[in-house]
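The block underneath contains the structure these notes are about, expressed in structure tokens.
The values are calculated or read from the model by the stated rules, or taken from the named source; none is laboratory data. Everything numeric here is computed off the predicted structure, so don't read it as measured data. When we count neighbours, we look across all protein chains shown, and the Cβ atoms used for this are built from the backbone with ideal geometry, even at glycine.
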Amino acid sequence: MSNILPYEKELLLQLTIGDEKAFGKIYEFYQARIFLFAFRFTKSKAAAEEIVQEVFVKLWINRENIKIEKQFGSYIIRITKNLIIDRLKKASLDKIIQQKIYEDMQALRNSSVDLLIEKEISRLHKQAIDLLSPQKKTIYLLSREEQLSYEQIAQKLGLSKNTVRNHMSEALQTIRDFISSHPDIACIFLATFLSGTK
């Protein structure tokens, strides 16, 4: 997953003068990251979606004040963190919830957005693997985690290379179908875990 938006400084410069197409490209690149970051702390799809919208409304309103030479990724995540913290502060006054809010706020202040995304992707990936039949799961894990070739897997399991290839193809399709039902991070996941065959 690329951490840098191609031609970001040029797009930001165009954004500062009100270019809506540049704004759209920036939105497309950052919205999934912001959604996952917000969802991790709010535990609410609706709240995370609202935060995404609030972030980009603030970005558009304050576009003329964007510092092109600064790290934009850090800037937009700082906006997101502030909005999340504001929401947590407005939550219930119940003491148990207050303690959880405090812990979440501390974690948020020390968090890395890429680390949070990685954890969310890993969790979803494990769920998808658990949907596979035992044999397909074994083949998939031997291929992706132990880095064995189809020929090596075939020898290890006493199967034909063709059978291994077919099982692997079906396993990948099952995982893709599962991931596709989670569109908010599907594009990130597919690029990260499902590229390449042997």
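Given the criteria within 23 Å of Leu5 (Cα to Cα), assigned to a loop (DSSP other than H, G, I, E, B) and modelled with pLDDT of 80 or more, does Gly24 qualify? So Gly24 fails the test. Taken as a whole, the condition of being in contact (Cβ under 8 Å) with a residue 40 or more places away in the chain, assigned by TED's automatic domain parsing to the domain that holds Leu13 and assigned to a helix (DSSP H, G or I) does not apply to Glu54.
So is Phe189 assigned to a helix (DSSP H, G or I) and modelled with pLDDT of 65 or more or not? No. Only one entry of Ile66, Ile79 meets the criterion of being modelled with pLDDT of 80 or more, in the same structural domain as Leu12 (by TED's automatic domain parsing) and under 20 Å from Lys21 (Cα atoms), and that entry is Ile66.
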